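Trainee: I'd like to ask you about the structure that follows.
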Amino acid sequence: MPRYEYDSSLQSQNPISQAQNSVETAHHAVKQAQTHPSSQLIEQAETAVERAERAIDQAGFSENQEAVQQAAESLEEDKAALQGLTPSDEQ
């Protein structure tokens, strides 16, 4: 279930929906990296976070600043969680 609410009927590919989808993808990648902290999964999560940051930047000029802010805050939580990870496959 998404960490934020939005009307799925309005989920066309506008900058806000793209940002929300990208943040959700990053969230799942971070959770997977937390569960299995391999260097590959951590790198994939970092890439997903970078993409989500760009999507939020693109949506930053939107009229719905509340949705953009909510997505940005959610992404910040995932970025903080990702920073604390060290790969388990590095000895």
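Trainee: Once ligands and nucleic acids are excluded and a 1.4 Å probe is used, how much of ASP89 is accessible, expressed in Å² to the nearest 10?
Mentor: Its accessible surface works out to 90 Å², give or take rounding.
Trainee: Here is a further query. Quick one: Karplus J couplings for region 50-58, per residue in order, coefficients 6.51, -1.76, 1.60, θ = phi - 60°, nearest Hz, x for Gly and Pro?
Mentor: Using θ = phi - 60°, the values come out as 4, 5, 5, 4, 5, 5, 5, 4, 5 Hz.
Trainee: Run the numbers for HIS36 and GLN13: contour at 0.36 nm per residue of separation, minus the present Cα-Cα distance, in nm.
Mentor: Extending this stretch completely gives an extra 5.1 nm.
Trainee: Moving on to the next point. Report the FRET efficiency, 1/(1 + (r/R0)^6), for THR86 and GLN58, where r is their Cβ-Cβ distance and R0 is 30 Å, rounded to 0.05.
Mentor: 0.45
Trainee: Filter the GluC sites (Glu not before Pro) in region 17-91 to those in DSSP coil with at most 12 other Cβ atoms within 10 Å of their Cβ, and list the result.
Mentor: The qualifying sites are GLU63, GLU90.
Trainee: For labels at GLU43 and THR25 in the simple 7 Å Cα→Cβ model, what's the distance in nm?
Mentor: For the pair GLU43/THR25, the computed spacing is 1.8 nm.
The values are calculated or read from the model by the stated rules, or taken from the named source; none is laboratory data. On a predicted model such as this, the values are computed, not experimentally measured, just so you know. Don't worry about glycine lacking a Cβ; one is built from the backbone with ideal geometry, like all the others, and counts go over all protein chains shown. Heavy atoms of the whole protein, side chains included, go into the accessibility calculation; ligands, DNA and RNA do not. Shrake-Rupley method; radii C 1.70, N 1.55, O 1.52, S 1.80 Å.
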